[in-house]
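Chemist: Let me begin by handing over the structure; questions about it come next.
The values are calculated or read from the model by the stated rules, or taken from the named source; none is laboratory data. Quick caveat: nothing in here was measured; it's all calculated off a predicted structure. So basically every Cβ, Gly included, is an ideal-geometry build from the backbone, and we count neighbours across all protein chains shown. Ligands, DNA and RNA are stripped out before the accessible areas are found, and what is left, the full protein with its side chains, is counted by its heavy atoms. Shrake-Rupley method; radii C 1.70, N 1.55, O 1.52, S 1.80 Å.
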Amino acid sequence: MNRPARLAVGVVSAGRVGSVLGAALARAGHTVVAASGLSAESLARAERLLPEVPLLPPDEVVRRADLVLLALPDDALEGMVRGLVATESLRPGQIIVHTSGAHGVDVLKPAAEGGALVLALHPVLTFTGRAEDLERLTAASIGVTAAPDDEVAWNVGEALAVEMGAEPVRIPESARALYHAALAHGANHLMTLVADCTELLRKAGIGHSERLVAPLLSAALDNVLRHGDRALTGPVARGDLGTVRKHLTVLADSEPAIAPAYRALARRTAERSRAAGLLDAATAAELTDLLDDPAEGQTP
């Protein structure tokens with residue numbers, strides 16, 4: 001794989017992702033020449049991870065850079081690209097990279113039409129915006145997307161990912177939406193699920209809830225990644241209708257906002273357990289009826 005030449009990097013903007021990737025590129029030998037950021041959090045983050053890098057407006061950052069890293073929210077990306085083109089901030093031969101998981105390279109089409117080499121580099125990682133993210137990046141993958149016939153762009157994207165310490169994985173433009181939905185469903189909803197779990201434990205008066213569940217959740221994650229649906233366990237996978245009914249009742253009484261999520265996930269667990277042969281069809285049907293019954297769990 002060809003290594004890219006040493007590049008002048010501009011980071012738009014110095015959020016959690018942009019600051020960390022900018023620092024990773026600097027560690028690989030590139031030079032971060034400028035970054036943009038307005039909030040107090042961005043300024044503090046840039047000071048920690050991108051020391052002595054000037055903070056400038058986005059158009060000035062872009063004009064200084066060979067490699068432009070657009071680390072922006074999904075919905076802000078298209079407008080930023082069009083604005084940079086309209087202000088003639090981009091130039092032919094620049095490498096324009098965005099970090100959005102939801103978009104491929106179609107969103108960068110205006111830049112490509114102006115002669116830029118365009119890429120999507122999406123780190124498959126949750127970011128804190130702190131230095132430890134640099135180490136986590138070395139155990140992570142980066143989803144690389146380029147135009148189907150632009151092998152040069154694919155190679156540059158893969159080389160940049162490797163330089164940042166991550167493993168590149170090619171994601172075709174056509175797969176990008178489902179790829180991102182899968183990752184969001186797994187990572188973002190997992191965080192919500194764990195937060196709900198620890199909140200319920202605290203409400204039950206149980207201290208150190210995070211310490212209590214950490215080994216359980218770590219083992220569950222390891223088991224499902226190793227063994228798939230055969231690792232499913234718990235009252236739904238066992239067909240313990242009485243226990244599930246108790247859960248519905250106590251959740252309806254104690255935390256009704258969480259009860260619908262429990263029902264939806266229990267229903268999906270029943271479906272997967274039946275498909276894996278852990279539940280017979282009749283028990284799975286009983287569970288589904290129980291979970292679909294709005295009267296279950298309601299106090300008479």
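Chemist: Give me a count of the residues in the stretch 5-16 that are outside any strand (DSSP E or B) and either at pLDDT 95 or above or in contact with a Leu (Cβ under 6 Å, 6 or more places away or on another chain) (or both).
Modeler: Taking the stretch 5-16 and keeping what is outside any strand (DSSP E or B), we get 5-7, 13-16.
Add one more test, that the residue is either at pLDDT 95 or above or in contact with a Leu (Cβ under 6 Å, 6 or more places away or on another chain) (or both), and what stays is 7.
Residues in the stretch 5-16 being outside any strand (DSSP E or B) and either at pLDDT 95 or above or in contact with a Leu (Cβ under 6 Å, 6 or more places away or on another chain) (or both): 1 in total.
Chemist: Condition check: free of Cβ contacts under 8 Å to residues at least 12 places away in the same chain, more than 16 Å from GLU163 (Cβ to Cβ) and over 26 Å from the mean Cα position of the chain (by Cα). Does GLU88 satisfy that? Don't jump to the end; show me each part of the working.
Modeler: Numbers: free of Cβ contacts under 8 Å to residues at least 12 places away in the same chain: yes; more than 16 Å from GLU163 (Cβ to Cβ): yes; over 26 Å from the mean Cα position of the chain (by Cα): yes.
So GLU88 passes the test.
Chemist: Being within 30 Å of GLY101 (Cα to Cα) and assigned to a helix (DSSP H, G or I) narrows it down to one of LEU217, LEU212, so name that one. Lay out the reasoning, then the answer.
Modeler: Numbers: LEU212 fails: within 30 Å of GLY101 (Cα to Cα).
Selected residue: LEU217, the only one of LEU217, LEU212 that is within 30 Å of GLY101 (Cα to Cα) and assigned to a helix (DSSP H, G or I).
Chemist: Let me ask something additional. Of all residues in the stretch 258-282 being over 21 Å from GLY228 (Cα atoms) and in contact (Cβ under 8 Å) with a residue 12 or more places away in the chain, which is surrounded by the fewest Cβ atoms within 10 Å (Cβ to Cβ)? Break it down into steps so the answer makes sense when it comes.
Modeler: So in the stretch 258-282, the residues over 21 Å from GLY228 (Cα atoms) come out as 258-261, 263, 282.
Still in the list and also in contact (Cβ under 8 Å) with a residue 12 or more places away in the chain: 258-259, 261, 263.
On the way: ILE258: 18, ALA259: 20, ALA261: 14, ARG263: 21.
My answer is ALA261.
Chemist: Kindly provide the set of residues from the stretch 230-249 that are under 12 Å from LEU287 (Cβ atoms) and among the polar types (S, T, N, Q), ordered by number.
Modeler: Selection gives THR243 alone.
Chemist: Give me the residue from the stretch 32-44 that is open to solvent by less than 20 Å² (accessible area, probe 1.4 Å) and hydroxyl-bearing (Ser, Thr, Tyr) and, out of that set, nearest to LEU77 (Cα to Cα).
Modeler: Restricting to residues being open to solvent by less than 20 Å² (accessible area, probe 1.4 Å) and hydroxyl-bearing (Ser, Thr, Tyr), the top hit is SER36.
Chemist: Let me confirm something: among ASP196, ASP222, ASP289, which residue is out of contact with any Leu (no Cβ under 7 Å at 6 or more places or on another chain) and over 24 Å from LEU125 (Cα atoms)?
Modeler: Numbers: ASP196 fails: over 24 Å from LEU125 (Cα atoms); ASP222 fails: over 24 Å from LEU125 (Cα atoms).
Exactly one residue qualifies, and that residue is ASP289.
Chemist: Restricting to the stretch 11-31, and then to whatever is among the β-branched types (Val, Ile, Thr) and either touching an Asp or Glu at 6+ places or on another chain (Cβ under 7 Å) or open to solvent by less than 20 Å² (accessible area, probe 1.4 Å) (or both), can you tell me which residue is nearest to HIS122 (Cα to Cα)?
Modeler: Filtering the stretch 11-31 for residues among the β-branched types (Val, Ile, Thr) gives 11-12, 17, 20, 31.
The next check asks that each one be either touching an Asp or Glu at 6+ places or on another chain (Cβ under 7 Å) or open to solvent by less than 20 Å² (accessible area, probe 1.4 Å) (or both); those that pass are 11-12, 20.
On the way: VAL11: 15, VAL12: 15, VAL20: 13 Å.
Looking at residues that are among the β-branched types (Val, Ile, Thr) and either touching an Asp or Glu at 6+ places or on another chain (Cβ under 7 Å) or open to solvent by less than 20 Å² (accessible area, probe 1.4 Å) (or both), I get VAL20.
Chemist: Still on this structure, please answer the following. Only one residue in ALA40, ALA5 is within 22 Å of GLU163 (Cα to Cα), out of contact with any strand residue (DSSP E or B) (no Cβ under 7 Å at 6 or more places or on another chain) and not basic (Lys, Arg), so which one is that? Please lay out each step first, then the result.
Modeler: Numbers: ALA40 fails: within 22 Å of GLU163 (Cα to Cα).
Every option except ALA5 fails the conditions.
Chemist: To continue, here is another question. Counting just the residues of the stretch 1-10 that are of a type outside the set (A, V, I, L, M, F, W, C) and within 23 Å of SER89 (Cα to Cα), which one comes out least open to solvent (accessible area, probe 1.4 Å)? Before you say what the answer is, go through the steps one by one.
Modeler: Step one: of the stretch 1-10, the residues of a type outside the set (A, V, I, L, M, F, W, C) are 2-4, 6, 10.
From the residues that got through so far, the ones that are within 23 Å of SER89 (Cα to Cα) too are 4, 6, 10.
On the way: PRO4: 19, ARG6: 108, GLY10: 0 Å².
Only one residue fits best here, namely GLY10.
Chemist: Filter the stretch 140-173 down to residues that are outside any strand (DSSP E or B) and either touching a residue at least 12 places away in the same chain (Cβ under 8 Å) or aromatic (Phe, Trp, Tyr) (or both), then give me how many there are. Please lay out each step first, then the result.
Modeler: Kept after step one, since they are outside any strand (DSSP E or B), are these residues of the stretch 140-173: 140, 146-166, 171-173.
From the residues that got through so far, the ones that are either touching a residue at least 12 places away in the same chain (Cβ under 8 Å) or aromatic (Phe, Trp, Tyr) (or both) too are 140, 146-148, 150, 152-166, 171-173.
Number satisfying all stated conditions: 23.
Chemist: What number of residues within the stretch 147-188 satisfy the criterion of being surrounded by fewer than 17 Cβ atoms within 10 Å (Cβ to Cβ) and of a type in the set (Lys, Arg)?
Modeler: 1
Chemist: Follow-up question, since we're still on this one. ASN223: surrounded by 14 or more Cβ atoms within 10 Å (Cβ to Cβ), closer than 30 Å to ALA5 by Cβ, out of contact with any strand residue (DSSP E or B) (no Cβ under 8 Å at 6 or more places or on another chain) and modelled with pLDDT of 95 or more, yes or no?
Modeler: On the way: surrounded by 14 or more Cβ atoms within 10 Å (Cβ to Cβ): yes; closer than 30 Å to ALA5 by Cβ: no; out of contact with any strand residue (DSSP E or B) (no Cβ under 8 Å at 6 or more places or on another chain): yes; modelled with pLDDT of 95 or more: yes.
It is false that ASN223 is surrounded by 14 or more Cβ atoms within 10 Å (Cβ to Cβ), closer than 30 Å to ALA5 by Cβ, out of contact with any strand residue (DSSP E or B) (no Cβ under 8 Å at 6 or more places or on another chain) and modelled with pLDDT of 95 or more.
Chemist: Exactly one condition in (1) of a type outside the set (Lys, Arg); (2) at positive phi; (3) assigned to a helix (DSSP H, G or I) is not met by GLY205; state its number.
Modeler: Unmet for GLY205, out of (1) of a type outside the set (Lys, Arg); (2) at positive phi; (3) assigned to a helix (DSSP H, G or I): (3).
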